[in-house]
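Structure first, commentary second.
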Amino acid sequence: MDGERSHCPPGLRMYPWMMQKDRWQRLLNQVRLCALAADEAPRVEVCCAHDPPEFERLARRRLGEPVAPAAGWRATPPQA
């Protein structure tokens, strides 16, 4: 999401174009994400959902490792 250093291989650039339902909304969302990344950095970091190394860096765990439940989280709702 770095506007100055952004790069996307041609095949990857073509995929969103092929899958888009509403070009205007897709492009508007890109602009909004870039603005969020720029305006709220370093509080907000935008990442690629299709980049396993980036996920591992941000999640601080390997991709195949199970996730520990968050503190206070219940697997089943409390009984009334």
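The values are calculated or read from the model by the stated rules, or taken from the named source; none is laboratory data. Since we're looking at a predicted model, the values are computed, not measured. Every residue, glycine among them, receives a Cβ derived from its backbone with ideal geometry; neighbour counts consider all protein chains shown.
Checking each residue in the stretch 1-37 for being in a loop (DSSP other than H, G, I, E, B) and either modelled with pLDDT of 90 or more or of a type in the set (Val, Ile, Thr) (or both) picks out 20, 21, 22. Starting from the stretch 1-15, keep only residues that are more than 19 Å from residue 29 (Cβ to Cβ), then list their pairs with residues that are at pLDDT below 65 and polar (S, T, N, Q) whose Cβ atoms are within a distance under 6 Å, requiring at least 6 positions of separation or different chains. Nothing qualifies. For the stretch 34-55, a tally of residues being more than 24 Å from residue 16 (Cα to Cα) and surrounded by 10 or more Cβ atoms within 10 Å (Cβ to Cβ) returns 2. Among residues belonging to the stretch 38-64 that are small (Gly, Ala, Ser) and not in a helix (DSSP H, G or I), point out the one that is nearest to residue 7 (Cα to Cα). The extreme case among them is 49.
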